[in-house]
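Engineer: Here you go, one structure.
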Amino acid sequence: MKKVHPLHPASLKKPSGYTHGFVVEGGRTLYIAGQTAASLGPIPSDDFVDQFDRALVTWQIEEALRRIGEDHRRVLVETYFRDRPYAEVADELGIPEGTVKSRVYYALKAVRLALEEMGWDGS
């Protein structure tokens, strides 16, 4: 009789019952996952992943801004995102500069809370 290597499939003990089903299903799942991954093509580049991450963060911030009040959103967009001075925004809106500062502070807190509610962890 020809000697078979101990790890050769012919020499391995065949699983039975629950173990057999588990092994067969696990192998099937791995095979399908491998075929699916192969059909998707090459793994995206780091540049693509960075662009995707930026787009996702932008979407999350826009959604968080939609969830806060209009007064807070407007002041935050003008001062924080458009980099306009508090005094200029206050003059345009006809409110004191201190009110603009207060609204920015509370708007940032509200945006942070909205992002946390959406599951954003800041990383």
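Engineer: Among the helices (runs of 4 or more DSSP H) contained in the stretch 44-123, which hold 2 or more residues that are in contact with a Phe, Trp or Tyr (Cβ under 7 Å, 6 or more places away or on another chain) and at pLDDT 90 or above?
Structural biologist: Correct list: 97-117.
Engineer: Separate question: From the residues in the stretch 79-123 that are among the hydroxyl-bearing types (Ser, Thr, Tyr) and touching a residue at least 24 places away in the same chain (Cβ under 8 Å), which one is nearest to Gln60 (Cα to Cα)?
Structural biologist: Selected residue: Tyr80.
The values are calculated or read from the model by the stated rules, or taken from the named source; none is laboratory data. For clarity, every value in this text was computed on a predicted model and none was experimentally measured. With ideal geometry, Cβ positions are generated from the backbone for all residues, glycine too; neighbour counts draw on all protein chains shown.
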